[in-house]
1. Helix 17-44 versus the longest principal axis of the chain: what angle, 0 to 90°, nearest 10, using Cα atoms?
2. Which angle from 0 to 90°, rounded to the nearest 10, does the C-alpha axis of helix 192-207 make with the longest principal axis of the chain?
3. Compute the distance in nm between two label points, each set 7 Å from the Cα along the Cα-to-Cβ direction, one at Leu117 and one at Phe18.
4. Given the protein chains as shown and a 1.4 Å probe, how many square angstrom of Ile53 are accessible, to the nearest 10?
5. Calculate the dipole size of the stretch 53-160 relative to its Cα centre from +1 charges on Lys and Arg beta carbons and -1 charges on Asp and Glu beta carbons; express the result in debye to the nearest 20.
6. For the full complex of protein chains and a 1.4 angstrom probe, list Cys357, Cys363 by accessible area with the highest value first.
7. Between Rg and the Kirkwood Rh of the stretch 260-326, both from Cα atoms, what is the Rg to Rh ratio?
8. From the square roots a ≥ b ≥ c of the eigenvalues of the alpha-carbon gyration tensor of the stretch 189-263, which class results: rounded (a/c under 1.5), prolate (a/b over b/c), or oblate?
Amino acid sequence: MTRVATSWLVYRLTNSPFLLGLTSFASQIPILFLAPFAGVWVDRWDRHRTLVITQILSMLQSFALAWLALARVITVWEILVLMLVQGIINSFDMPARQSFVVQMIEQREDLGNAIALNSSMVNGARLIGPAVAGMLIAAVGEGYCFLLDGFSYLAVIASLLAMRITQAPPHRERRELRTEISEGWRYVTESAPIGSVLLFLTLVSLVGMPYTVLMPIFATRVLHGGPHTLGFLMAAAGLGALAAAVSLAMRRSVLGLGRVIVWSSSLFGLALIGFGLSHALPLSLLAVAAAGFGMMRHMASSNTILQTIVEEDKRGRVMAYYSMAFQGLAPFGSLAAGAIASRVGAPRTIMSGGVLCLAGAACFAARLPAIRRVMRPLYRELGILPAVPPPLQE
């Protein structure tokens, strides 16, 4: 709801595609610079306590947005500052949240299902929230979306405080911050599976994900609608993502997720091209639903592979780089998309991103055999593959 309300408010105040991109840039750019440090601290700190703190700070940020919007004194620059604050909070919240998943499950083989179920809940909210936001914005304005968001954190904080965690991450000796950052970077870059998955996710986030930032332009200029149209488009993307998460939750093994990444990212690229070509609401809804499906399946599959093979004492740092790949570089994509859309139009911008996603999928597919050769011994060590795999499992 807040994401839709923020985009609509900025576009209503400025009518500027560039400032739409700049707002998304401000909310995500802190992750790029703070993620390596946050990853080290997440490996050091109690992840449960970290999440409680980040949720309290996020609640205060939402209430600040609500107060300014309801008082009708909010400006685009205040929105940018508050989005920057939320980005700083998210720099710590995201790696802590991703790393905390392992502490909430008792058996490692359930990890993929846990990640997929988490994605199902997130995308269930993405399905309902935008539609509700569109109706609320049309009826009473953006401020009430921010207000409801602020109150929703009370339930999140209460849920976290009610948890009793029995699994704690292994204790490790603390070293200099710079040393631990360097160790995490070497671990990521020297591992062919981890490095390849993160690099491809970075590309897709950079050139593909900005389609959500440009949604208000499609809702108004291309499809000639209003906030309801924007809500329907965002809800369709959420529906596709929810379907992807549910389908992944039904998988019984991490095996084969490399192929899933290839075809899901290809679907994402084709859907973006179709969305850019469409001028009819039904076709646009179908295209963004397919885009949501492809992107979520790619993201959740990448997350599952990383969480499965990463060493426990480096989990926070790897998940910080995952956050940086998924959201840290996305601001540059949003900023570039806003600037390019101002010159060549939003449809051409989105279609270009789709073509680049298809090219990335082809490159990842070519590298997949080499990645599998490295991952097989890890899977055997974890008991995912038998000691002597039959030919069919190769």
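1. Value to nearest ten degrees: 30.
2. 10
3. Placing both labels 7 Å beyond Cα along the Cβ direction yields 4.8 nm.
4. 90
5. Once rounded to the nearest 20, the dipole reads 160 debye.
6. I get Cys363, Cys357, largest accessible area first.
7. 1.16
8. Verdict is oblate for the stretch 189-263.
The values are calculated or read from the model by the stated rules, or taken from the named source; none is laboratory data. Keep in mind that what you see is a predicted model, and the values were worked out from it rather than measured. Here the Cβ is made from the backbone with ideal geometry for all residues, glycine too, and neighbour counts use every protein chain on show. To get the accessible areas, we keep the full protein, side chains included, count just its heavy atoms, and leave off ligands, DNA and RNA. Shrake-Rupley method; radii C 1.70, N 1.55, O 1.52, S 1.80 Å.
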